[in-house]
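A.B. asks: One structure coming up, written as structure tokens, with questions to follow.
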């Protein structure tokens, strides 16, 4: 079980597309999902093709911070569980990408700096190649019968729960952000009431 995600991650909108340098934006405040945002990768004013990073990049990915975290795809594992639920054990179980998918591969994301804890940037840069290596199966796990249509859909990676990859269609993302914003506002109000 992973520790809770850093609440700052709700500020991130990470589109599941290439290139990484234009896929991520960061809200100024997650409580205001329609508010202003800035790119995670900020183009250098001095050197073309080079990027600086948003300050959120150095935040710990979890609270409390951890040095590594295992990541799996929850939809893929659910699909795997459904498909093997009828397995009787009499025949050898053979996995394939159509009728009997293997369990989601596990990615171990580790801290890459002297800080000793995993940062948002560690998580993003180590997840990125894993996501695209397994893109077909990650998306297919949403609805195996509609995979061709789903591959044409724009997806967003939900950073709200590290350790268990969640994603949603781009058109559903505003609802996810709205729910996160409501939760953040309730938490802020609760803190305000207890400090009075």
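Values quoted throughout were computed directly from the atomic coordinates according to the rules given, and no laboratory measurement underlies them. Remember, predicted model here, so these are calculated numbers, not experimental data. Cβ sites come from the backbone with ideal geometry, for glycine too, and all protein chains shown count toward neighbours.
A.B. asks: May I ask you to sort 16, 99, 132 by Cβ crowding, counting other Cβ atoms within 10 Å and putting the fewest first? If you can, show how the numbers build up before the last one.
C.D. replies: Working: 16 19, 99 9, 132 14.
Ascending Cβ contact count within 10 Å gives the list 99, 132, 16.
A.B. asks: Using label points projected 7 Å from each Cα along Cα→Cβ, tell me how many nm separate residue 151 and residue 169, to one decimal.
C.D. replies: 1.8
A.B. asks: Arranged by the count of other C-beta atoms within 10 angstrom, fewest first, what order do 162, 147 take? Could you put the intermediate results ahead of the total?
C.D. replies: Details: 162 24, 147 16.
Ascending Cβ contact count within 10 Å gives the list 147, 162.
A.B. asks: Let me ask you something else. Over the range 40-196, one equal point on each Cα, no solvent: what is log10 I(q)/I(0) by the Debye formula at q = 0.12, 0.17 Å⁻¹?
C.D. replies: Values returned for q = 0.12, 0.17 Å⁻¹ are -0.72, -1.16.
A.B. asks: Can you tell me the Rg and Dmax of the range 37-91, counting just the alpha carbons, in angstroms?
C.D. replies: Every Cα atom of the range 37-91 included, Rg and Dmax give 21.0, 65 Å.
A.B. asks: Rounded to whole Å and ordered largest first, report the semi-axes of the equivalent ellipsoid of the range 1-118 derived from its Cα gyration tensor (root of 5λ). Don't skip to the answer; put the middle values down first.
C.D. replies: Numbers: eigenvalues 264, 63, 48 Å².
Here the semi-axes work out to 36, 18, 16 Å.
A.B. asks: Please compute the length gained on full extension between residue 55 and residue 78, using 0.36 nm multiplied by the number of residues separating them and subtracting their Cα-Cα distance. Walk me through the intermediate numbers first.
C.D. replies: Values: separation 23, 0.36 × 23 = 8.28 nm, distance 3.50 nm.
Extra length available between residue 55 and residue 78 comes to 4.8 nm.
A.B. asks: Using only Cα atoms, what is the ratio of the radius of gyration of the range 1-58 to 2.2 N^0.38 Å?
C.D. replies: On the way: Rg = 12.8 Å, N = 58, 2.2 N^0.38 = 10.3 Å.
That ratio works out to 1.24.
A.B. asks: Just from its helices, what would the mean residue ellipticity at 222 nm be for the chain, if runs of 4 or more DSSP H residues each count -39500 (n - 2.57) and the sum is divided by every residue, rounded to the nearest 500 deg cm²/dmol? Could the numbers behind the result be given before it?
C.D. replies: On the way: 6 runs with 63 residues, N = 196.
Estimated from H runs of four or more residues: -9500 deg cm²/dmol.
A.B. asks: Residue 143 to residue 45: FRET efficiency via 1/(1 + (r/R0)^6), r the Cβ-Cβ distance, R0 30 Å, to the nearest 0.05?
C.D. replies: Values: r = 44 Å, r/R0 = 1.47.
According to the calculation, E is roughly 0.10.
A.B. asks: Rounded, prolate or oblate, given the Cα gyration tensor of the range 59-115, with a/c below 1.5 counting as rounded?
C.D. replies: prolate
A.B. asks: Need one word for the range 96-184: rounded, prolate or oblate. Basis is the Cα gyration tensor (sqrt eigenvalues a ≥ b ≥ c); a/c below 1.5 gives rounded, then a/b vs b/c decides.
C.D. replies: Numbers: a/c = 2.42, a/b = 1.23, b/c = 1.97.
Oblate, because a/c is 1.5 or more while a/b does not exceed b/c.
A.B. asks: Now for a different question. Take residue 86 and residue 113, extend 7 Å from each Cα along the Cα→Cβ direction, and tell me the distance between the two endpoints in nm.
C.D. replies: 5.0
A.B. asks: Cut-off 10 angstrom, C-alpha nodes, Gaussian network model of the chain. Which of 17, 170, 183 fluctuates the most?
C.D. replies: So, out of 17, 170, 183, the one fluctuating most is 183.
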